[in-house]
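Reading through the structure tokens given below for one structure.
The values are calculated or read from the model by the stated rules, or taken from the named source; none is laboratory data. Every value quoted in this text rests on a predicted model; they were computed, and no experiment measured them. Backbone-built Cβ (ideal geometry, glycine too); neighbour counts: all protein chains shown.
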Amino acid sequence: MQASQEDINELKRQLGKGSIQRAYRGLLDYMMNLRTRFMNNYDVSGIYQGYMDMTYFALFPKSLKHRDLKLAIVFNYEAFRFEAWLAGRNRKVQRKYWEMFKYCQWSGCRVLKPAKGVDSIIECVLAEDFDFDDPDALTSTIEKATIRFIDRIEGFLSEHQAA
């Protein structure tokens, strides 16, 4: 996607107001703090800041890591919400697990068919319509939803696949 001069001029006008920079810095600070919270229980990756499409970090629960799976905690800018994405180590792993999950119907989640540009097997909403002025409540919501998502995945895998 290439920006036009009109897009650049609009960006300049909006940045001149200062609220975009403050909001972006606040969001990145929040993601860094959230990552630190998850470090207490999981191996985690660094933060990928993205191109204002997504910002994320990966979690590596032991029960998923030995299957070459990981979980990304994502802030999706377009949907403006926090999501968890189950992903494989590579495209071959993605396809293998997509074959297992493709007929699952999980509330608040969607299974994505492998394709160019698709980086997840399952995407689950963690928090939307949140209050950024109450980061503790938001963190609690994200942590609880993430643990439920991991539990659902572990339960499904234990029923459908030997460890």
What's the total number of residues in the stretch 37-94 that are of a type in the set (Gly, Ala, Ser), over 15 Å from ILE121 (Cα atoms) and not in a loop (DSSP other than H, G, I, E, B)? 1
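Out of the stretch 46-84, which residues are acidic (Asp, Glu) and closer than 13 Å to TYR24 by Cα?
Across the stretch 46-84, the qualifying residue is only ASP53.
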Looking at the stretch 80-94, can you tell me whether even one residue there is out of contact with any Ser or Thr (no Cβ under 6 Å at 6 or more places or on another chain), touching a residue at least 12 places away in the same chain (Cβ under 8 Å), under 14 Å from THR146 (Cα atoms) and among the β-branched types (Val, Ile, Thr)? no
Of the residues in the stretch 105-135 that are over 19 Å from TYR77 (Cβ atoms) and touching a Phe, Trp or Tyr at 6+ places or on another chain (Cβ under 8 Å), the one that is surrounded by the most Cβ atoms within 10 Å (Cβ to Cβ) is ILE121
Looking only at residues in the stretch 3-51 that are among the small types (Gly, Ala, Ser) and more than 21 Å from PHE132 (Cα to Cα), which one is surrounded by the most Cβ atoms within 10 Å (Cβ to Cβ)? SER45
Can you find, within the stretch 35-58, the residue that is modelled with the lowest pLDDT among those that are closer than 18 Å to ARG81 by Cβ and touching a helix residue (DSSP H, G or I) at 6+ places or on another chain (Cβ under 7 Å)? GLN49
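Determine whether GLU143 is at pLDDT 95 or above and among the charged types (D, E, K, R).
Yes: the conditions hold for GLU143.
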Exactly one of these conditions fails for SER107: (1) outside any strand (DSSP E or B); (2) in contact with a Lys or Arg (Cβ under 6 Å, 6 or more places away or on another chain); (3) of a type in the set (Gly, Ala, Ser). Give me its number. (2)
Output the number of residues of the stretch 122-139 satisfying the condition of being closer than 18 Å to ASN40 by Cα and within 16 Å of the chain's Cα centre (by Cα). 2
Is it the case that some residue within the stretch 136-155 is without any contact (Cβ under 8 Å) to a residue 12 or more places away in the chain, surrounded by 12 or more Cβ atoms within 10 Å (Cβ to Cβ) and in a loop (DSSP other than H, G, I, E, B)? no
Residue that is touching a strand residue (DSSP E or B) at 6+ places or on another chain (Cβ under 6 Å) and of a type outside the set (A, V, I, L, M, F, W, C), where the choices are ARG13, ARG95, ARG89, ARG35: ARG35
Return the residues of the stretch 95-104 that are assigned to a helix (DSSP H, G or I) and either crowded, with 18+ Cβ neighbours inside 10 Å or without any contact (Cβ under 8 Å) to a residue 60 or more places away in the chain (or both); say none if nothing qualifies. ARG95, LYS96, TYR97, TRP98, GLU99, PHE101
